[in-house]
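Structure record follows, encoded as structure tokens.
Where a number appears in this text, it was derived from the coordinates with a stated rule and is not lab data. Just so you know, these numbers come straight off a predicted model, no measurement behind them. In this analysis, Cβ positions are derived from the backbone assuming ideal geometry, glycine residues included, and neighbour counts consider all displayed protein chains.
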Amino acid sequence: MKQPSFPSITLKTSAVHVVTYFIVGILSFLFLDYADKYADPAVANFMRQTDHPLVMAGPFFQILRGFLFGIVFYALRKSVFRYGRGWLTLWLTLVIVGILSPFSAAPSSIEGMIYSGLPARFHLLNFPEVFVQSGLLAFLTHYWVNHPEKRWLNWSLGIISILVFLLSLLGALSAFGLLPPAG
């Protein structure tokens, strides 16, 4: 199997990350009651509220995070993309290094549970979102990189990621008062 190129891996990873981040984020917001969760006084001093302009602009910035994930996926390409279950290696890397063991006291990390003042419940309630989104990112990126002939993936994930990017940009510009009000 020919090794996938750096642009192929990073662009596909960025697109998949933007789409999965947005979809899983919206579902989590709706079903995990994020407005109340983040308004909790123990959390509100640490995390921005869900109606904050930067939170609304969050998906806009995910293109950069997706690119950074793509750099790591590219570095792991020889031990990941040639194997059918290589997506599992990607997912475990994201979970172990990015979620449970980052070099900070991030929410839902081991360090965060030890050193932050966030309630244990907050850490635990983040697990479904971050585990599902990272799993989808790993699986879909692995599949897409290994199946470049699937043009429908190129079109659908490309168009959806561009739409999410543009809509979040417009939402952020509006929230910051940089667009005129409608009507």
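Some points to look at:
- Dipole of the chain, positive end: most advanced residue of 21, 155, 45 [Cβ charges, Cα centre]: 155
- In this Cβ point-charge picture (+1 for Lys and Arg, -1 for Asp and Glu), the stretch 6-175 has a dipole of about 740 debye about its Cα centre.
- Only helices enter this figure: runs of n ≥ 4 DSSP H residues, each worth -39500 (n - 2.57), summed and divided by the residues of the chain, yield -22000 deg cm²/dmol at 222 nm to the nearest 500.
- Spatially close lysines, pair count over the chain: Cα under 23 Å, gap of eight or more or interchain: 6
- Here each label is just a point 7 Å from Cα along the line to Cβ, and for residue 76 and residue 61 those points are 2.3 nm apart.
- Using the Cβ of residue 157 as centre and a radius below 12 Å, the other residues enclosed give a net charge of +3, where K and R count +1 and D and E count -1.
- Three-way shape call for the chain based on the alpha-carbon gyration tensor, with the a/c threshold at 1.5: oblate
- The packing ranking of peptides 27-39, 164-176, highest mean first, is 164-176, 27-39, where packing means the average number of other beta carbon atoms within 10 angstrom of each residue.
- Overall form of the stretch 1-89: prolate. Here a/c, set by the Cα gyration tensor axes a ≥ b ≥ c, is 1.5 or more, and a/b is the larger of a/b and b/c.
- Dipole-positive endmost among 119, 170, 75 within the stretch 6-175 (Cβ charges, Cα centre): 75
- Simple spin-label estimate for residue 26 and residue 132 in nanometres, 7 Å along Cα-Cβ: 1.3 nm
- In degrees, nearest ten, helix 151-175 long axis to first principal axis of the chain (Cα): 20 degrees
- The residues packed around residue 32, meaning those with a beta-carbon under 12 Å from its beta-carbon, carry a net charge of -1 if Lys and Arg are +1 and Asp and Glu are -1.
- Full extension of the chain between residue 154 and residue 111 gives 11.7 nm of extra length, using 0.36 nm per residue less the Cα-Cα distance.
- In order along the stretch 76-93, the Karplus-derived 3J(HN,Hα) couplings, from 6.51 cos²θ - 1.76 cosθ + 1.60 at θ = phi - 60°, round to 8, 3, 5, 9, 10, 6, 8, 10, x, 9, x, 4, 5, 5, 4, 5, 4, 4 Hz, and Gly and Pro are given as x.
- From least to most packed, judged by other beta carbons within 10 angstrom and beginning with the fewest, 87, 155 follow the order 155, 87.
- Using C-alpha pairs under 8 Å with a sequence gap of at least 6, the mean separation divided by the residue count of the stretch 58-173 gives a relative contact order of 29 percent.
- Net charge over other residues, Cβ less than 12 angstrom from the Cβ of residue 5 (K, R count +1; D, E count -1): +3
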